[in-house]
1. Measure out, as a whole number of angstrom, how far apart the alpha-carbon centroids of region A:258-276 and region A:176-251 sit.
2. For a Förster distance of 35 Å, can you work out the FRET efficiency between the beta-carbons of B:Ile51 and A:Asn198, rounded to the nearest 0.05?
3. On a full-extension model of 0.36 nm per residue, what is the gain between B:Thr65 and B:Lys96, subtracting their alpha-carbon distance, rounded to one decimal in nm?
4. At a Förster distance of 60 Å, what's the computed FRET efficiency of A:Thr273 paired with B:Val83, Cβ-Cβ distance as r, to 0.05?
5. Got a sec? How would B:Asp67, A:Asp155, A:Asp33 order by Cβ neighbour count within 10 Å, fewest to most?
6. Measure off 7 Å from each Cα along the Cα-to-Cβ vector at A:Thr175 and A:Lys235, then give the distance between these two points in nanometres to one decimal.
7. So, in nm, how far is label B:Lys130 from label A:Glu225 when the simple model puts each one 7 Å beyond its Cα toward the Cβ?
8. Where does each of A:Ile30, A:Ile292 land when they are ranked from fewest to most other beta-carbon atoms within 10 angstrom?
Amino acid sequence: MKHFISMRDIGKQEILELLALAEKIETGKIKPDLSPYLGALLFFEPSTRTHFSFDTAIKKLNGKSFSISGTGSTSVKKGETLADTLKTISQYADYIVMRHSIEGAARFASEILEIPVINAGDGTNQHPTQAMLDLYSIRKTQGTLENLHIALIGDLRLGRTVHSLVQALHEFNPTFYFAAPRHLKMPAYIIDELKEKNIPFYEVEDIKEILPKLDILYVTRIQKERFAVLEDYEKVKDAYIITAGLLENVKPNFKVLHPLPRVNEITTDVDKTPYAYYFQQAKNGVPVRQAIITKLLQLA
Amino acid sequence: MKKQLIVDPIKNGTVIDHIAAGKSFAVAEILNLKNLDNLLLIGMNLSSKKIGKKDIIKIENKILTEDEVNSIALISPDATLVVIENYEVIKKYKIKIPPKVHKHIVCPNSHCITNIEEVETEFDVMKKKKVEVRCKYCEKKYGIEQVKFKF
Ligand SMILES: [Zn+2]
């Protein structure tokens, strides 16, 4: 593995190896030494959470990094090509973590640079380190990734994290349930891939009926801005809100995940239930990102 | 008269036969025929034993490049290619859909890096009921009728 660009590049075996490595790092069985390495955190599109998570991951393994956030601080603004910006920065750094609003930007970077590139999000396309930390969270709470019943609700059309997650789970014999407002449904290409692979999935209207079957409920935010007409948003928004009251008949191993930030789609009374896992999920980003950096630098 | 023209032999050049009816315009665009001075014959909606109705294109003094043949295969997978030298058929074959297309498809996604930086496109080709292509960079998938070719 030279770069970490897309979940499409990574097979089941590599996923499991990376998760195992993350677990070893988290439990202190191994402690890779990042101190000789300088990472460039290039957030051309700012993202506080992902940025902090990478920064933490690096610092906790004694690594060093420098950052940019937004294009204001770079010569991109002066009309320099992205290629030139990246080639220049890569002269100083040992690896690059990159978020960019342009789709395919990270793949492009990996092709023109000699140093490892990690995709921290490219537009609506991929966010593979999020997918990995989601998988890590699922495995950690369920003990396995195999044969799970997983529901995804909210904005399933534009949320790239849900797309990557569904694709990443293809090889693990999952059963999926999708609940989304009419025009925020799972895109056709994701559905087509499931049909091709004979993976069972159900598009449901009412989340209540399926809750007792679930191992994982993955909630995403429905953004008001996605609706052309505000009344349409008002009509659907409450149908996709998870409250503690809803969770009475769930399985003991059941967990609620959310990529954060949340607004009101999970009420705060859920936080006190044993089913809330979204904050630990965010924390899991640290060992997962450490594992990816460690792997690319060939330290394990 | 039309039939006469179509069966008229050419001395040197290429015949693209069994083009799906109606697709000869798209093939002509790939080959940039409107800017070509060569002797050119385009027949449309001819009856064919094999495929019912077909289009056919004859171009004198032109040998197609592999990239051109591959692109034609995407929009008309059943086409056959006949290469003629000195009035004789020296090569005749059914074209094949390539697994990948480099450089000659423009990504329809305006947020794709290939439309912003200087980078050759690359598409994976998937053939199910119809031909679809997926951009290596933005990973978006398109029906072949949604993309533009660039030569
Ligand atoms: Zn593209």
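Bear in mind that the values in this text are calculations on the coordinates, not laboratory data. All values reported here derive from a predicted model rather than from experimental measurement. Here the Cβ positions follow ideal geometry from the backbone for every residue, glycine too, while neighbour counts run over all protein chains shown.
1. 16 Å
2. Details: r = 33 Å, r/R0 = 0.93.
For R0 = 35 Å, the calculated efficiency reads 0.60.
3. Details: separation 31, 0.36 × 31 = 11.16 nm, distance 1.37 nm.
So the extension gain works out to 9.8 nm.
4. Working: r = 73 Å, r/R0 = 1.21.
Once rounded, the FRET efficiency stands at 0.25.
5. Working: B:Asp67 16, A:Asp155 20, A:Asp33 12.
Ranked by crowding around the Cβ, least crowded first: A:Asp33, B:Asp67, A:Asp155.
6. Going from the A:Thr175 label point to the A:Lys235 one covers 3.2 nm.
7. Computed distance between label sites B:Lys130 and A:Glu225 equals 3.3 nm.
8. On the way: A:Ile30 12, A:Ile292 25.
Ordered from fewest to most neighbouring Cβ atoms within 10 Å, A:Ile30, A:Ile292 come out as A:Ile30, A:Ile292.
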